[in-house]
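The values are calculated or read from the model by the stated rules, or taken from the named source; none is laboratory data. Everything numeric here is computed off the predicted structure, so don't read it as measured data. Neighbour counts run over all protein chains shown; Cβ positions are idealised from the backbone, glycine included. Note: accessible area is taken over every heavy atom of the protein model, side chains too, but ligands, DNA and RNA are not part of it. Shrake-Rupley method; radii C 1.70, N 1.55, O 1.52, S 1.80 Å.
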Amino acid sequence: MAKISNDVIRLSHVHEQRRVQVLDHILRFMTLGTVIVGSIAIYAALYTNNRRLGAEIFLKYSDRISDVRRDLPITAFDGRDGPGNLEMTPEERRAAHEIIYSIFELYELKVHGYLPSEVWKIREPDIKRTLSLPIFRQELEALESRFGGHPRFVSWLEQVKRI
């Protein structure tokens with residue numbers, strides 16, 4: 001009888017150990033699942049925040065460029081005059097330079113990852129068209145040496161000039 005009760009106790013103990021192991025595995029999987037879900041949530045939040053921040057940066061620069069464009073005469077945007085033929089007041093020249101520098105800053109933000117490429121692609125055709133207008137070609141030639149330390153931007157401007 002003592003042997004049977006020892007066997008029963010041993011089986012009971014083995015059974016209890018298995019239950020504890022099963023519970024331990026369940027808790028480990030639950031912890032792992034929580035870590036995975038938390039990581040995915042953090043990644044999604046960062047991704048969404050980066051996109052929102054990129055859009056905000058882009059909209060601020062777009063507003064800034066639009067405000068400065070109002071200082072230029074409407075004829076600056078018709079594209080009829082060739083470079084070198086444009087008479088500009090100092091204020092108009094300053095406005096054109098400010099637009100060019102704003103575009104440069106926006107481009108550099110894109111290059112360094114602060115502005116998502118998808119956001120840049122929305123306005124890039126308009127930016128290229130603006131920079132290819134005679135008034136901006138003329139002013140880009142005047143500013144060319146100032147961008148010498150930014151070879152990627154200079155290369156991109158060369159592509160714009162070919163348009």
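Annotations
- Pair list, Cβ under 9 Å, 6 or more apart: the range 93-106 residue within 17 Å of residue 57 (Cα to Cα) and open to solvent by less than 10 Å² (accessible area, probe 1.4 Å), other residue at pLDDT below 95 and not in a helix (DSSP H, G or I): 99/72; 106/115
- Options 128, 110: the member that is in a helix (DSSP H, G or I), open to solvent by less than 70 Å² (accessible area, probe 1.4 Å) and more than 20 Å from residue 53 (Cβ to Cβ): 128
- For the range 52-79, taking the residues that are among the basic types (Lys, Arg) and in contact with a helix residue (DSSP H, G or I) (Cβ under 8 Å, 6 or more places away or on another chain), the one that is most open to solvent (accessible area, probe 1.4 Å) is identified as 64.
- The set of residues from the range 135-157 being open to solvent by 70 Å² or more (accessible area, probe 1.4 Å) and more than 20 Å from residue 88 (Cβ to Cβ) comprises 151, 152.
- Single condition residue 88 does not satisfy, out of (1) at pLDDT below 85; (2) crowded, with 16+ Cβ neighbours inside 10 Å; (3) part of a helix (DSSP H, G or I): (3)
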